[in-house]
1. Which residues, counting only those in the stretch C:26-80, are under 21 Å from residue C:146 (Cβ atoms), among the aromatic types (Phe, Trp, Tyr) and open to solvent by less than 30 Å² (accessible area, probe 1.4 Å)?
2. Given the criteria modelled with pLDDT of 85 or more and of a type in the set (Ser, Thr, Tyr), does residue D:213 qualify?
3. Which of the following residues is in contact with a strand residue (DSSP E or B) (Cβ under 6 Å, 6 or more places away or on another chain), open to solvent by 30 Å² or more (accessible area, probe 1.4 Å) and either of a type in the set (Lys, Arg) or within 19 Å of residue B:32 (Cα to Cα) (or both): B:200, B:207?
4. I'd like to check which helices (runs of 4 or more DSSP H) are fully inside the stretch C:1-90 and have at least 3 residues that are within 14 Å of chain B (Cβ to nearest Cβ).
5. If I ask for residues that are open to solvent by 10 Å² or more (accessible area, probe 1.4 Å) and under 17 Å from residue B:106 (Cβ atoms), which ones from the stretch B:131-141 would you list?
6. If we scan the stretch C:190-205, do we find a residue that is in a helix (DSSP H, G or I) and under 15 Å from residue C:69 (Cα atoms)?
7. Here is a check on your reading of the model: is residue C:182 out of contact with any Asp or Glu (no Cβ under 9 Å at 6 or more places or on another chain), within 18 Å of residue C:107 (Cα to Cα) and either among the hydrophobic types (A, V, I, L, M, F, W, C) or at pLDDT 95 or above (or both)?
Amino acid sequence: MQFESFSDFLNMGGYAFYVWLSFGLSAILLISLVISSNNNHKALLNKIAQQQSRENKLRKLAKQRQNDASSDVQEVVS
Amino acid sequence: MPNQTTALITGSNLTCIRGDRILFEQLNFQINAGDIVQVEGPNGSGKTSLLRILCGLTAPFEGEVLFKQNLIGDNRELFHQNLLYIGHLPGVKGEMAAQENLEFNLSLHGLDAAQAEQTLSEVNLFGFEDSLASHLSAGQHRRISLARLFSSKSPVWILDEPFTAIDKNGVKRLEKLFSEHAQRGGCVILTTHQDLALPSDLVKKISLDYCIF
Amino acid sequence: MMFEANLSYRAVFVLVVKRDLTIALRHRDDIFNPLLFFIIVVTLFPLGVGPESTTLTRIAPGIIWVAALLSTLLSLDRLFKSDHMDGSLEQMLLSPQPVFILVLAKVFAHWLITGLPLILVAPLLAVLLHMNELSYGALILTLLIGTPVLSLLGAVGVALTVGIKKGGVLLSLLVLPLFIPVLIFATSAIDTAAMNLPYSGQLAIIASLLFGSLTLAPFAIGAALKVSTN
Amino acid sequence: MWKWLHPYANPEVSYHFSVKLTPWLTAIAAILIPVGIVWALAFVPADYQQGDSFRIFYLHVPAAMLSMGIYVGIAIAAFSSLVWQLKLADASAAALAPIGAIFTVIALFTGAAWGKPMWGTWWIWDARLTSELILLFLYLGVIALHNAFDDKNLAGKAAGILSIVGVINIPIIHYSVEWWNTLHQGATVSKLDKPSMSVEMLWPFLICFLGFSFFVAALGCKRFCTEVLARNSMRPWVRALATAQEKK
C-alpha cells in the first residue's frame with residue numbers, strides 16, 4: 001500500500017479530481033456499453049419471438065380462410 | 001437430364017433474403033439457348049431480385065449463377081459481353097439527346113454507335129433523335145433503352161418488365177423480336193404482368209410464390 | 001452464339017469522360033455552385049476574423065485549403081447520384097468494360113468540372129486574403145496535385161453512400177478524416193514557400209498520395225458501387 | 001488445411017461456440033481488471049515526476065492500445081469477409097466497432113484528464129491525442145455506415161470497405177499529424193518522455209492490459225452473438241431460441 005490512510009488514498013496526492021474523474025467516467029462508459037449490449041441482445045430475441053407469433057397468427061388465418069372457402073364450395077355442391 | 005452443352009444460364013440453390021423475409025429458397029433451374037423464360041409471381045415475390053441475381057448485380061444469400069458452366073463472377077467481362085440487362089430504370093440521361101443516349105449505350109457495350117439513328121426508328125423514335133431526353137415521356141425513355149435490343153449481339157437478355165409504358169404495337173414488335181432472338185440461339189428471361197402472345201410451348205415459366213405462410 | 005466486343009481502355013475512358021462533360025456542360029449549376037460556395041466561404045473568414053492583413057496572411061493557406069475541401073465535399077454528391085437514380089450506373093457496371101477504367105474516367109471528369117475551376121479562382125482569393133506573394137506558386141501546385149486526391153478519396157465515400165437516402169451528412173463524416181493528410185502537407189508547403197524555403201518535399205508527399213490513391217481508390221470505389229447497387 | 005475451420009463458418013455453430021466462450025472470458029476479465037486497477041491505484045509507487053496522476057496511465061495506455069488494435073482487427077475481419085466471403089467476419093466487425101469507439105473515447109478523455117495537471121490544459125494538439133481524435137472519427141464513420149443500411153449484410157460490406165480504406169490511411173494520418181506537430185510545436189510543452197518502466201510499474205500495467213483485452217473479447221463475443229442472431233433471424237434455429245427465451 002502506497003498510501004498512509006484511506007483519506008490519503010482518496011486524495012491521490014492532490015490529483016484526486018483528475019484520477020477519480022478518469023476512472024469513474026471510464027467505468028461508467030464501459031458498464032453502460034455492457035448494459036446496452038445485453039439489452040440489445042434481449043430486445044432482438046423478443047423482436048424475433050414477436051415476429052414469429054405474428055406469423056403464426058397469419059398462418060392460422062390463412063388456414064382458416066382456406067377451410068372456409070372449401071366448406072363454401074361444399075355447400076354449393078350439396 | 002437436360003443437355004449440358006446448350007445451357008446458357010444455370011441457377012443452383014439460389015436463396016434470396018430481403019430484410020428478414022425469405023423471398024425464395026433453394027431455387028434450381030437451367031435456361032438453354034432458344035428459351036424464352038417468363039418469371040411470374042405476385043408483387044413482392046422476388047422477381048426483380050431474381051433477375052438482378054442472375055445478372056450479378058445482387059449477390060444471392062446462398063447459391064450460385066453459372067453462365068455456360070462458369071461462375072458469372074469468374075469471368076466478369078466475358079459474361080457481360082454476352083448479357084443485356086434492362087431493369088426498372090431506363091438508364092437514360094435527361095441532359096442528353098435520345099440519339100446521344102443510345103450511342104453512348106451502344107459504344108459502352110462495344111457495339112457500333114453508327115447504328116443508333118436507324119435503331120431509333122425501329123422503336124418509333126424517328127424524328128426525336130435530337131430531342132433532349134428530359135423532354136420525352138416515360139414510354140419514350142423506355143423505348144430508348146429497349147432500342148439496344150435491336151442491335152444487340154448478346155445471347156442472354158434479362159428484361160425486367162420490358163412492356164411497361166409501351167403501346168400495343170410496340171409490345172407486338174418486341175414479342176416478335178424475342179422469338180427471333182430465341183431462334184437465333186439466344187435466350188430471353190423476363191418478367192411481365194401481361195400474358196405473352198407467343199405460343200405457349202415456346203415460353204417456359206419460373207413461378208415464385210409470395211409465401212404469406 | 002458467343003459475342004466478344006473489344007474496346008480499348010483509352011476509348012472507354014474517353015467515352016465516359018466525354019459523356020460526363022457533356023452532361024455537366026448542359027447542367028451548369030453543377031460547375032458554378034461549388035465554385036461559388038468556395039468563394040463565399042473564403043470571404044466569410046475576413047468577416048469573422050477581422051480585416052487585419054497580418055492575421056489574414058498567416059491563415060490564408062489554411063482558409064483556402066479548408067474551403068477547397070468543403071467545396072469538393074459539396075460537389076461530390078453529383079458524382080454518382082444521378083447515375084444511380086436513373087439506372088445508368090448499373091448499366092455501366094454491367095457493361096463489359098473494366099470497372100477500374102469506368103470509375104477512373106468518372107472521377108477524372110468530376111475533377112475537370114469541379115477541381116480545375118477551383119484552381120483557377122484560387123489566386124484571386126489569395127489576393128483577397130493578402131497571401132504572401134512567394135507562395136502563389138505553391139498554392140497552385142498543391143491544389144493541382146492535391147485536389148485529384150480529394151476527388152478520388154471522396155469518390156469512395158460517395159460510392160458508399162449513394163444508395164442511402166440521407167447520405168449527405170454521413171458522407172462528410174466518412175470522407176473528411178481521410179482528407180487530413182492532404183490538408184496538412186498542402187498548407188505546410190504553402191507556409192514553407194512563404195518563408196522562401198524549398199517545399200518540394202511536401203509536394204513529393206502529396207504526389208505519392210496522389211499515385212497511391214490513383215491505384216488503390218478505384219478498386220475501393222468499384223467495390224463500394226457494387227454494394228450500393230445491390 | 002483450413003478444413004477444421006469450416007464448421008465455424010456456420011452461423012449456428014459459431015453462435016453456440018461464442019455463447020459457451022463468453023462466461024469464461026467474462027470471468028477472466030472480472031478477475032484481472034479489479035486486480036490490475038486496485039494494484040494500479042493503491043500499490044504502485046507514485047511517479048517521481050508526475051506523482052499520483054501517473055495512475056491514469058494504467059487506464060489511458062491500455063485503452064489507447066486497444067482502440068488501435070480493435071480497429072486493425074475490424075479491418076482484418078472486413079478484408080477476410082471481402083476476399084473469402086465470410087459473412088460472419090462482417091458480424092464480428094460490426095460487434096467490435098462500438099467497443100473500439102468507447103475505448104477511443106476513454107483514451108481521449110483520460111488523456112485530457114492526465115494532461116490537465118501535467119500540461120496545464122485539457123487539450124493540446126499533441127500528435128498522439130490528435131491521431132486518437134481522428135481515429136474516433138473513423139470509428140464513428142464505420143458505426144454510422146453500419147446503421148445507415150437496412151440490410152445488415154450490405155451494411156457489413158459497406159462498412160468493411162470503409163474500414164479497409166481507413167486502416168490504409170491510419171499510418172498516413174498518424175505520420176502526417178506527427179510531422180505537423182513537430183513543425184508547429186512550441187517549446188513550452190514538453191512531451192511526456194517514455195520512462196523505462198520499472199518492474200513494479202510494469203506488472204500492473206500488463207494485468208490491466210490483459211484484463212481489458214479479455215473484457216473486449218467477452219463483450220465482443222456477446223455482441224457477436226447478437227449480430228449473428230440479427231443476420232439469421234429467419235432461420236429455424238434462431239426462432240426456436242427466441243421462443244425458448246420468451247417462455248422463460
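1. Of everything in the stretch C:26-80, those that are under 21 Å from residue C:146 (Cβ atoms), among the aromatic types (Phe, Trp, Tyr) and open to solvent by less than 30 Å² (accessible area, probe 1.4 Å) turn out to be C:38, C:65.
2. Taking the combined requirement at face value, the residue satisfies it.
3. The conditions single out B:207.
4. Qualifying helices (runs of 4 or more DSSP H): C:9-25, C:29-49, C:81-86.
5. Passing the criteria: only B:141.
6. Just the residues of the stretch C:190-205 that are in a helix (DSSP H, G or I), to begin with: C:190-194, C:200-205.
Within this subset, residues satisfying the condition of being under 15 Å from residue C:69 (Cα atoms) are none.
The answer is no; no qualifying residue exists.
7. Numbers: out of contact with any Asp or Glu (no Cβ under 9 Å at 6 or more places or on another chain): yes; within 18 Å of residue C:107 (Cα to Cα): yes; either among the hydrophobic types (A, V, I, L, M, F, W, C) or at pLDDT 95 or above (or both): yes.
Spelling it out, residue C:182 is indeed out of contact with any Asp or Glu (no Cβ under 9 Å at 6 or more places or on another chain), within 18 Å of residue C:107 (Cα to Cα) and either among the hydrophobic types (A, V, I, L, M, F, W, C) or at pLDDT 95 or above (or both).
Conditions (1) part of a loop (DSSP other than H, G, I, E, B); (2) free of Cβ contacts under 8 Å to residues at least 60 places away in the same chain, marked per residue:
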{"site": "B:125", "(1), (2)": "yes, yes"}
{"site": "B:148", "(1), (2)": "no, no"}
{"site": "B:169", "(1), (2)": "no, yes"}
{"site": "B:177", "(1), (2)": "no, yes"}
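The values are calculated or read from the model by the stated rules, or taken from the named source; none is laboratory data. Treat the numbers as computed from the prediction; the structure is a model and nothing was measured. We place every Cβ from the backbone using ideal geometry, glycine too, and count neighbours over all the protein chains shown. In case anyone asks, the SASA skips ligands and DNA or RNA and just uses the protein heavy atoms, side chains included. Shrake-Rupley method; radii C 1.70, N 1.55, O 1.52, S 1.80 Å.
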